[in-house]
Amino acid sequence: MSRKSVNIIGAGQCGTLIAIMLARHDFNVDVYERFKDPRVQDAEAGRSINLALAARGLNALRQVGIDTLVKPLLVPMRGRMVHHQDGRSEFLRYGLQADEEIYSVTRLGLNRVLLGAADKLPNLSLNFEQNAIGFDAPDRTVHVRDETDGSLYQVEADPLFAADGAGSSIRRSFDGTDTFGGIETLLRHGYKELSIPAGPGGRYQLAPDALHIWPRGGFMLIALPNPGGDFTMTLFLPNVGDNSFETLNDESSVIAFFETHFADAAALIPTLCEDMLKNPLGTLGTVRCRHWHDRGNVLLLGDAAHAIVPFHGQGMNLAFEDCVLLDQLVTEHGDDWANIFARFEAEQLANANAIADMALDNYVEMRDTVRDPKFALRKALAFELEKRLSERFIPRYSMVMFHADIPYLVAQQRGEVQKALLEEFTADANSMDDIDISKAEVAVKKRLPPIDTIRSDLAVRRS
Ligand SMILES: Cc1cc2nc3c(=O)[nH]c(=O)nc-3n(C[C@H](O)[C@H](O)[C@H](O)COP(=O)(O)OP(=O)(O)OC[C@H]3O[C@@H](n4cnc5c(N)ncnc54)[C@H](O)[C@@H]3O)c2cc1C
């Protein structure tokens, strides 16, 4: 019996992972990617862009057995190292449990592992330099240009998975219709990548087991470790106005800005001016849609469906979670695509909106709130409550990063209740000794149902 076919646009993290999963379900899978194969030619031009991988992403990689291949690429980060303006630094651990850590991984390294795993499947074909230039809804076809010779051809949407990233040409082909109702909202802040090289003997020049943050109120600098001893840094700053990218337009303005705000970090960046003046300015934004599918023909997924700002380190983790959910739905419903796409949207759209909101909140926390001494106190109280009542109280950050079985929407909703509680019990306190912890425990029991009831409710809903 001949296999059924599916087509995928985009061989990024999401497109490649869903391709592997669908090929394992025995579909014939064709993936169309506009760029060259990154295993042959690196589209990032040697820059080392890195991402934080957390429980949801690891869970997805485990499902297809490639977590072991990715493991050597990971650098564990146990917490945030906050670098204050006065030169002090303060380590704030991420989770209560020793194994609650997140992992820095280079985008290129991860994509290469995924593509290598995809290449091993005989019923999966990766087609590079094939650019999807638009979707023709009446004919249910995608127009594709072969960038090697300029020829044009069509690919059927029977069905089509659009994993072509935040600027998805498939999603934008539907602009002006009600099909997806996509809205792209740009942040007024952009980003630039800088780099701290490894020190003598390949040593890290900052603590390697932390995500470093230099919070400065309206803007911030961060650094994530790479396996080779270097760090990739990202400067997040308003695009225009005071202290903005617009004003950092020559060597003297760059040096003055870094000496004022990030003197300790600047001393570690030998190519500071070159990086700042030559590296591209990245844009940041959120994509929200009313719908993600066009009957059983087209499904948006990953950033194409729900790009989010990077401040919770969850865009890729969410994209991988999409793949896990789709994989489960295909196991349950085979190739009943209209049903699968509708169920996928019903389950995941509210979760994507929840993490989009939480990622925006986290920008304020990372660049500003983290400097407030009450931030550390609220965190200490949150860990104490988790220690005493772990079946009811798990800090919001931990629910998002370490608990793949707690949906983002649940983390957001419980997070709101917990935030109010933490603010209430730390309002007149300067240290944990000032807090009536038994009273706080009573309040938790009253306001938060046990988390297991939510997990089992979900299990019932999915069956
Ligand atoms: C600065 C920054 C930091 C981030 N940090 C984190 C982090 O720490 N943790 C985290 O989880 N997430 C992070 N993210 C988000 C993460 O990078 C994305 O969510 C993730 O890469 C989405 O994967 P995707 O496969 O959906 O899209 P993409 O990775 O964008 O892949 C889309 C693919 O489609 C291809 N494509 C596009 N258009 C076409 C076309 N017309 N025809 C054919 N192919 C096409 C592209 O070339 C690309 O290969 C960060 C993002 C940014 C910008």
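Points worth noting:
- Annotation: the residues Lys71, Lys192, Lys120, Lys4, sorted from fewest to most other C-beta atoms within 10 Å of their own C-beta, follow the order Lys120, Lys71, Lys4, Lys192.
- Sorting Thr16, Thr426 by the number of Cβ atoms found within 10 Å of their own Cβ, with the fewest placed first, yields Thr426, Thr16.
- Its relative contact order, with pairs defined as Cα atoms under 8 Å and 6+ residues apart, puts the stretch 372-462 at 34 percent.
- In degrees, nearest ten, helix 315-333 long axis to first principal axis of the chain (Cα): 50 degrees
- Centroid-to-centroid separation of the stretch 290-343 and the stretch 202-247 [C-alpha atoms, Å]: 31 Å
- Here the extension length gained between Phe375 and Leu121 equals 86.6 nm, from 0.36 nm per residue of separation less the Cα-Cα distance.
- Once the Cβ-Cβ distance of Asp136 and Asp361 is raised to the sixth power relative to R0 = 41 Å, the FRET efficiency obtained is 0.55.
- Compactness relative to 2.2 N^0.38 Å, alpha carbon Rg of the stretch 239-334: 1.66
- With bins 5 Å wide beginning at 0, the percent of Cα pairs of the stretch 188-283 falling in each bin runs 3, 13, 26, 27, 17, 10, 4, 1, 0.
- Solvent-free Debye scattering, log10 I(q)/I(0), computed from the Cα coordinates of the stretch 71-141 at q = 0.17 Å⁻¹: -0.85
- Computed over every Cα-Cα pair of the stretch 372-462 and binned at 10 Å starting from 0, the pair-distance distribution P(r) comes out as 16, 51, 26, 6, 1 percent.
- Note on Met220, Met432: ascending count of other Cβ atoms within 10 Å places them as Met432, Met220, the fewest first.
- Between the helical axis of 451-462 and the longest alpha-carbon principal axis of the chain there is an angle of about 10 degrees.
- Acute angle (nearest 10 degrees) that the helix 107-119 long axis makes with the longest principal axis of the chain, alpha-carbon atoms: 30 degrees
- Relative contact order of the stretch 290-445, pairs being alpha-carbon contacts under 8 Å that are 6 or more residues apart, as %: 20 percent
- As an equivalent ellipsoid, the chain spans semi-axes of 37, 29, 20 angstrom, where each value is the square root of five times an eigenvalue of the C-alpha gyration tensor, largest first.
- Antiparallel beta bridges, as assigned by DSSP with both residues in the chain, represent about 70 percent of the total such bridges.
Only the coordinates and a few stated rules stand behind these numbers; no lab work does. Everything quoted here is computed from the prediction, not taken from an experiment. Every residue, glycine among them, receives a Cβ derived from its backbone with ideal geometry; neighbour counts consider all protein chains shown.
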